[in-house]
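These notes concern the structure reproduced below.
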Amino acid sequence: MVAEQGAHHVLDHNAPGYLDEVVKLTGGQGVDIILEMLANVNLQKDFGALAMRGRIAVIGNRGSVEFNARLAMNKNAAILGVALFHASPVQLAGIHAALVEGLRNGTLRPIIHQELPLAQAPRAHEAVMENGHHGKIVLVP
Amino acid sequence: MTGKGNILVGTVGQGVMMSADDGESWTRAGVRQGMHSDCIVRMLRADARRPEVVYAGTDFGLYRSDDGGATLAPAREPDEGFGRLEHGHRPGRSVRDVRRHRHASTPGIFRSTDGGKSWGKLRVDIADECPNVGVPRPTGIAVDPTNDRNVWVGLEVDGVRYSTDGGETWSKLNGQIRNQDVHNVLVIEGPPKTVFTVVNDDIWRSTDDGKSWQAARAREIFPWHYPRGIAVKPGDPRTVFLTLGDSTPGRIGTVVRSRDAGVTWETPEVPGAAELGGLDGDDLGGGAGHDVRGEPLRLSLSQRRRRRLLAQALAGVRRGFFDPVGSTILSKERERMKAIRVSAYGGPSVLKIEEIPAPQPGATQVLVRNHAVGVNPVDTYLRSNTDNRGPKLPYTPGSDSAGVIEAVGDSVTRVKKGDRVYVGGSISGAYAEMTLCEQTQVHELPGNVNYAQGSAMNVPYATAFHALFHRAHGEAGEIGPGARGQRRRRHRLRSSSRGRAA
């Protein structure tokens with residue numbers, strides 16, 4: 001499914017040693033950018049798969065994390081907090097212009113996992129926090 | 001949207017007058033369109049959920065229109081004439097009614113739970129006799145917009161009745177407002193939620209459901225001291241209009257306005273409004289109007305300027321109704337919608353579906369009718385107030401949806417009614433049948449993309465784009481998650497795709 005969406009390589013983050021695979025795939029370099037969806041679990045490990053001058057953009061986090069800042073020093077790496085809420089109006093205009101074009105030309109093809117009636121919002125909130133769903137959870141008014 | 005729509009005027013003895021051009025021209029809806037031409041129209045109300053359905057309470061009985069007042073036909077009713085109509089909003093309980101008999105008999109409060117087809121009389125104690133008018137008459141009825149179990153009724157001259165159980169049982173307001181000569185009642189959403197009781201020499205407000213009341217002190221602050229009509233501005237539940245006359249039946253009057261839920265009042269800059277108080281019948285399309293006592297209605301609208309000014313005065317009360325006796329301005333009831341509301345932070349069970357007033361767009365805003373609403377993990381963090389970042393309670397969750405533009409504000413240029421859009425950020429919350437947005441928050445939904453997909457665009461895709469390009473400054477040729485693989489939830493893909501803009 002992920003490959004169909006356009007990814008060049010797909011790895012299972014539940015598989016042991018998948019980060020080593022990342023290093024291997026990049027010829028030992030590591031990746032330049034990581035979009036980190038669960039920083040409290042993964043931040044420390046991310047540095048092992050990060051390239052020199054790499055950037056880790058934190059877009060998801062569910063708790064505290066302890067990590068060794070020397071890892072960041074060793075690679076001139078940056079950890080960047082990201083909240084869409086703080087995007088400027090100009091940035092938002094650019095984002096959505098690109099997304100609309102991506103939809104129009106078929107590059108972006110959102111996948112829906114489940115549609116629920118609006119009244120089942122509590123169920124939708126449980127579902128969105130459960131593991132193992134692949135795609136969007138949608139409420140239908 | 002502001003200023004558009006019909007103005008319906010209930011006259012004393014001339015049926016219903018209608019203007020479709022903000023008061024420039026008027027026609028009478030009585031002669032050929034079904035209503036008895038001599039009707040005394042005591043009340044006009046639009047159906048809360050279907051604004052094209054209008055009820056007119058007259059001395060010839062209840063009339064109903066299904067086309068915004070253009071044609072009217074007698075509706076079935078319990079018996080005799082209706083005085084006041086009010087709409088509740090609970091499904092299956094759409095119209096409440098207070099009846100005022102033409103002849104001296106006991107007034108009553110009636111309720112319909114089937115959209116007006118059948119009516120039942122409610123148990124409420126009303127005095128048999130009273131000062132000034134002989135037999136008390138219901139003059140106002142209001143349903144609390146925040147809780148439609150709360151219903152308020154004003155009686156002239158027998159004080160205020162209120163029910164907190166949808167009309168099953170009624171209590172009398174005792175003592176807090178000494179003047180029993182009640183002209184009207186109104187409940188506004190605020191904030192603060194405020195109950196108004198209009199009496200014949202003042203207007204009282206309560207922000208604690210009637211436990212304590214504060215008077216506006218009409219004699220000190222108003223040019224005239226005989227208030228009657230009161231209305232809240234649609235889409236702006238803190239702005240209230242009040243009509244004032246000099247006496248009954250009255251020769252002169254005006255409209256005053258409060259923009260802070262009745263704490264302070266001002267006279268809007270509407271020259272000509274000072275002569276609101278009667279309508280020159282010759283300008284209303286035939287026949288002089290007469291008020292209850294047979295005096296010609298004198299609110300001169302004979303000059304075009306005056307009519308335009310009246311239109312301006314009424315423009316804010318969209319699709320309002322104006323009673324020429326100066327007795328009643330009735331704004332259109334706001335459409336209702338289902339929405340998920342959070343009234344306390346907590347687990348998923350705090351998400352409750354409710355019916356609330358549909359928002360209405362300001363000048364630069366749009367209203368979107370949602371066909372799909374996107375659920376995001378961040379919605380759950382806000383719901384449980386993680387890191388104290390929860391919105392002010394109560395609120396409607398959600399920032400993502402997709403649907404069709406339902407209405408646009410006056411200065412909106414990006415989209416028009418009927419356009420398919422997806423929503424990225426919302427003022428009123430996305431978990432609802434409709435959501436209010438700034439025009440910059442809605443984006444074209446191409447025809448090859450369905451609504452569910454549209455509801456997935458904002459938080460998932462826009463966040464990834466923002467992270468990748470604006471924050472991490474991804475360049476073509478670098479290795480990381482490509483923009484083509486953004487759609488993943490809690491899959492930390494380390495796929496090495498070329499960073500490529502969509």
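Observations on the model:
- Taking all Cα pairs closer than 8 Å and separated by 6 or more residues, the relative contact order of segment B:346-463 comes to 31 percent.
- Neighbour-count order for B:K117, B:K392, fewest beta carbons within 10 angstrom listed first: B:K392, B:K117
- Projecting label points 7 angstrom from Cα along Cα→Cβ for B:E266 and B:S212 puts them 2.8 nm apart.
- Under 5 Å between amide hydrogens, built in the peptide plane, is the criterion, and for B:D246 it picks out B:R251, B:I252 among residues at least 5 positions away or on other chains.
- Distance between the 7 Å Cα→Cβ label points at B:R123 and A:N105: 7.3 nm.
- Averaged over the residues of peptide B:441-451, the number of Cβ atoms from other protein chains lying within 10 Å of each residue's Cβ is 4.
- Directionally averaged shadow of segment B:426-479, computed from the convex hull of its alpha-carbon atoms, nm²: 5.4 nm²
- Across segment B:453-459, computed HN-Hα scalar couplings (Karplus, 6.51 cos²θ - 1.76 cosθ + 1.60, θ = phi - 60°) run 4, x, 6, 9, 7, 6, 4 Hz from first to last residue, x flagging Gly and Pro.
- Karplus 3J(HN,Hα) series, Hz, for segment B:426-432 with 6.51 cos²θ - 1.76 cosθ + 1.60 (x for Gly, Pro): 9, 7, 9, x, 8, 6, 6
- Shielding of B:344-353 by partner chains, average beta-carbon count, 10 Å: 4
- Under 5 Å between amide hydrogens, built in the peptide plane, is the criterion, and for A:V82 it picks out A:V58 among residues at least 5 positions away or on other chains.
- Ordering B:S112, B:S247 by the number of other Cβ atoms within 10 Å of each residue's own Cβ, fewest first, gives B:S247, B:S112.
- The Rg/Rh ratio for segment A:1-87, using Cα coordinates for both the radius of gyration and the Kirkwood hydrodynamic radius, is 0.97.
- Dipole size of segment B:336-450 about its Cα centre, with +1 on Lys/Arg Cβ and -1 on Asp/Glu Cβ: approximately 160 debye, rounded to the nearest 20.
- Whole-percent pair-distance distribution, where bins are 5 Å wide, for the alpha carbons of segment B:174-241: 4, 18, 27, 27, 17, 6, 1
- Mean sequence separation of contacting Cα pairs (under 8 Å, at least six apart), scaled by the length of segment A:1-131, corresponds to a relative contact order of 16 percent.
- Placed amide H near B:T58: partners under 5 Å, 5+ positions off or other chain: B:R42, B:Y63, B:F82
- Ranked list, fewest to most other Cβ atoms within 10 Å of each Cβ, for B:S258, B:S411: B:S411, B:S258
- Rg and Dmax of segment B:336-450, based on Cα coordinates, read 14.1, 40 Å.
- Phi to ³J(HN,Hα) by Karplus 6.51 cos²θ - 1.76 cosθ + 1.60 over segment A:30-37, Hz, x for Gly, Pro: x, 9, 6, 9, 10, 8, 8, 8
Coordinate-derived values only; no laboratory data. From a predicted model like this one, the values you see are computed outputs, not experimental measurements. No Cβ is skipped: glycine too gets one built from the backbone with ideal geometry, and neighbour counts run over all protein chains shown.
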